[in-house]
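Taking it in order: structure first as structure tokens, then the write-up.
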Amino acid sequence: MAIVDMSRFSLMAFDADREELLKQLQAFQDVHFLDLRDEGLSEGVAMIDQDVRVDRIQEDLTQLDWMLKLLQASDTRPTGLSGMRQGLPTYSFDEMRQKAEEIDFKKDYYELREIQSKLDGFAQARNDKQAQIALLKPWESLPFYPAQVDSLKQVRVQYGSVLRRFVDSFKEDFAELELSDYQVVAELGGQYYLVILGHHDETEELQDVLRRNGVSPITLDVKQPVVDEIAQLHQEISQIEEESRDWQAKLPEYAPRMSDYELVHEAKSNELLKLGATRNFLKTDRLTLIQGFIPTKLEAEFTQKLDQELGDDYYVEMVPADRDDPAVPILLKNNPFVESFSSITSMYALPKYNEVDPTPFFAPFYWMFFGMMGADVGYGLLIMLVTGIALKAFNLKPSLRQFVRFFFFLSFSMVLWGLIYGSFFGDLIALPSLIDTNQDFMLMLVVSMALGLVHLFFGLALKAYVLIRDGKPMDAIYDVLSWYLALGGGILWLVSGIAKLPPVWTTVGKVAMIIGMVMILVFAGRDSKSFVGRLVGGLYELYGISSYVGDFVSYSRLMALGLAGGFIGVALNMIVKMLFGGGIIGIVFGVVVFAGFHAFNIFLSGLGAYVHTSRLTYVEFFGKFYEGGGKAFRRFRSTPKYIEIKEK
């Protein structure tokens, strides 16, 4: 249960074997390549150019993405709970590649492109017709149509619109014209639509009036009454929509083949990853040079793969990874319980190769603290039931399964602490309790602080372990034992005074605290070469006692959130009891309030416990020994999106 041991390999193979070699390594999958482009190039050694097939595969993936998005609305495969129950189709890696090679998606792609082109054309035509209708709408009441008046000799008929704020000035100016006239046909959206009858003898004066008042000219190119023109346009739109529906109906014919498109997408994604990996390698005239890491326990299988593909035509050297090499990728391996908490580690930072995996160490504390803050038997049982059914009945993706299993394990802690506090949906059922949350506030605070002390001291113990493991036992004494003496002695001194213990305990605590503080003062700044630097460093470190006080206070949230969730549950039950006294309607509302608000309280309690337990882990616990900053091990596979790949 820790960081997986890694071996670093250097591989040389003939350039002609590179394609098949990468295919075998991708089937092997547990290989992490190093990027050699940053290495200094020797004479005769060069980088490998991007494979010409990369652009074509990227284009294929773009086309497949477009096809899947287009057909999404026609997909009849089960979704939601039924889809989760059925799960994704499962293939071995070789099965996926073989089946994908048999599928020709290009023919369907070009047919779908033709359908989409038709649909786009119909949509554009419909929009154009609707725009024409919008243009003609204000002219529905026009008593004639333009073609009827185009041949007038003395009068020119014009059409235009003017903003409402210019209407009055337009009327005043137009009144000065003696031979011309106008008529307001409609008023829509702050615009006045006008038919203007302009006499040829007043052409210049009329144009000046129109220009001064911002009249916008409108062209009406219709050969029939506007009402009839609009009706004809509506009829043409109906015909377009009917044709569009006919073409749209062709899309569901391709939906049953979406699984094939998804399979090809997965295969193409892996092919792209395989071709892109060559950019990490170097080459000579005939050889390909590859370096990377594999899990140490897979060395024999790795060599066997090379033998199968290359025979004797390769050279490989494998050595245990240097523990202080920052390039070593991190792969964590733990039991199912601990693995469920690995996302908490990943959100903070993966450990470096020379650190310890903190997950097995914080997981029990996380489990306990979460239960304390969400303590309720009913809430825990409900979460246990829901997550248990999900794990048993549904074929979940690995990441989602791990997330659900995480809360499944945490539900047991909620039940345990719910029994300790005697809480079942608040006070819905009276349970015997070890701690009375209505009275034993001080006991709850003491328990919270005591668990916090264990948590902090365990973090310091891990720091001592790492220092001793790395051959620095004196650093463990200077940096850990000193804090044990200072903090432990101070606590013993304080407790012995409060609890009226024999004076010897007070003396022991005081002496231990003083020894610890002197050690911190003397040795904390030991890396400084000057006496003043050592003294200042020691004083600064000694000031860190105040941060430990803050850390201790932080654990009071274990009590606070546990009480908050319980009291909210009790208050909800009081409201429900009052509603139940209101007859049938009150009972109905009471049931709704009980179910809805308790569900909300479960969410709040779970969210609060998740956030605050993570905070205690990251700040109070990790801050004592853990730095992080490791790089994740990148398997030579793309993360599957549409299928599941059988593990070896």
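Structural remarks
- In this structure, the amide hydrogen of L287, modeled 1.01 Å from its nitrogen in the peptide plane, lies closer than 5 angstrom to those of D15, counting only residues at least 5 positions away or on a different chain.
- Interchain or long-range residues, amide H under 5 Å from A2's placed H: K333
- Extension gain, E187 to D15, is 54.1 nm, computed as 0.36 nm per intervening residue step minus the present C-alpha separation.
- Mean residue ellipticity (222 nm) of the chain, computed from DSSP H runs ≥ 4 via -39,500 (n - 2.57), nearest 500: -19000 deg cm²/dmol
- The HN-Hα couplings worked out from phi for the stretch 411-416 by the Karplus form 6.51 cos²θ - 1.76 cosθ + 1.60 (θ = phi - 60°) are 4, 5, 5, 4, 5, 4 Hz, whole numbers, x standing for Gly and Pro.
- Principal semi-axes in Å for the stretch 507-648 [√(5λ), Cα gyration tensor, largest first]: 50, 31, 10
- Sites matching GluC sites (Glu not before Pro) across the stretch 46-120 that sit in DSSP coil, with at most 14 neighbouring C-beta atoms within 10 Å: E102
- For W493, net neighbour charge (Lys/Arg +1, Asp/Glu -1) across residues whose Cβ lies under 14 Å away: +2
- Computed from the C-beta positions of T76 and A450 and an R0 of 45 Å, the FRET efficiency is 0.15 to the nearest 0.05.
- For the stretch 364-417, pairs of C-alpha atoms spaced more than 18 angstrom apart make up 30 percent of the total.
- Across the cross-link table entries K69/K333; K118/K641; K283/K641; K106/K250; K23/K297, which are compared at the Cα atoms, the separations over 27 Å belong to K69/K333; K118/K641; K283/K641.
- Basic side chains Lys and Arg get +1 at the Cβ, acidic Asp and Glu get -1 at the Cβ, and with that the dipole of the chain about its Cα centre reaches some 3400 debye.
- Chymotrypsin sites (Phe, Trp or Tyr not before Pro) within the stretch 101-199: DSSP coil, no more than 14 neighbouring Cβ in 10 Å: F144
- Computed over the alpha-carbon pairs of the chain, the distance histogram in 20 Å steps reads 13, 27, 27, 21, 11, 2, 0 percent, short to long.
- Separation of the R286 and S42 label points, Cα + 7 Å toward Cβ, nm: 1.7
- Reachable lysines from K223, criterion Cα separation under 24 angstrom, eight or more residues apart if same chain: K129, K137, K153
- Charge dipole of the stretch 146-221 (Cα centre as origin; +1 on each Lys and Arg Cβ, -1 on each Asp and Glu Cβ, all else neutral): 340 debye, rounded to the nearest 20.
- Shown in residue order for the stretch 186-202 are the 3J(HN,Hα) couplings computed by the Karplus curve 6.51 cos²θ - 1.76 cosθ + 1.60 at θ = phi - 60°: 7, 10, 9, x, x, 10, 9, 9, 10, 9, 10, 9, x, 6, 4, 6, 10 Hz (x for Gly and Pro).
- Projecting the Cα atoms of Y261, M519, S180 onto the dipole axis of the chain, where Lys and Arg carry +1 and Asp and Glu carry -1 at the beta carbon, places M519 farthest toward the positive end.
- Spatially proximal lysines relative to K529 (Cα-Cα < 27 Å; intrachain offsets below 8 disregarded): K463, K472, K624
- Proportion of all alpha-carbon pairs of the stretch 146-221 beyond 17 Å (%): 40
- Added length on full extension, which subtracts the Cα-Cα distance from 0.36 nm per residue, N395 to T507: 34.1 nm
- Couplings for the stretch 20-36, taken from phi via the Karplus curve 6.51 cos²θ - 1.76 cosθ + 1.60 with θ = phi - 60°, read 5, 4, 5, 4, 5, 5, 6, 5, 5, 6, 7, 9, 10, 7, 8, 7, 8 Hz in order; Gly and Pro are left as x.
- Projected-area mean, the stretch 336-625, by convex hull of Cα positions, square nanometres: 19.3
- Linear extension gain, L535 paired with Q402, 0.36 nm per residue minus alpha-carbon span: 42.9 nm
- Kirkwood hydrodynamic radius of the stretch 308-359, from inverse mean 1/r over distinct Cα pairs, in Å: 13.7
- Sites N127 and R212, calculated FRET efficiency, Cβ-Cβ separation with R0 25 Å, nearest 0.05: 0.10
- Across the chain, the relative contact order, built from alpha-carbon pairs under 8 Å that are at least six residues apart, equals 23 percent.
- Farthest toward positive dipole pole in the stretch 341-428 [+1 Lys/Arg, -1 Asp/Glu at C-beta], among F412, V377, T345: T345
- Per-pair calculated FRET efficiency, R0 = 60 Å: D312 and I515 via Cβ, rounded to 0.05: 0.35
- Only Lys, Arg, Asp and Glu carry charge here, each on its Cβ (+1 for the first two, -1 for the last two); on that basis the stretch 237-291 has a dipole of about 680 debye about its Cα centre.
- Close amide H partners of L501, meaning residues 5 or more places away or on another chain with modelled amide H under 5 Å apart, do not exist here.
Bear in mind that the values in this text are calculations on the coordinates, not laboratory data. All values derive from a computational prediction rather than experimental measurement. Note that each Cβ is placed from the backbone with ideal geometry, even for glycine, and that neighbours are counted across all protein chains shown.
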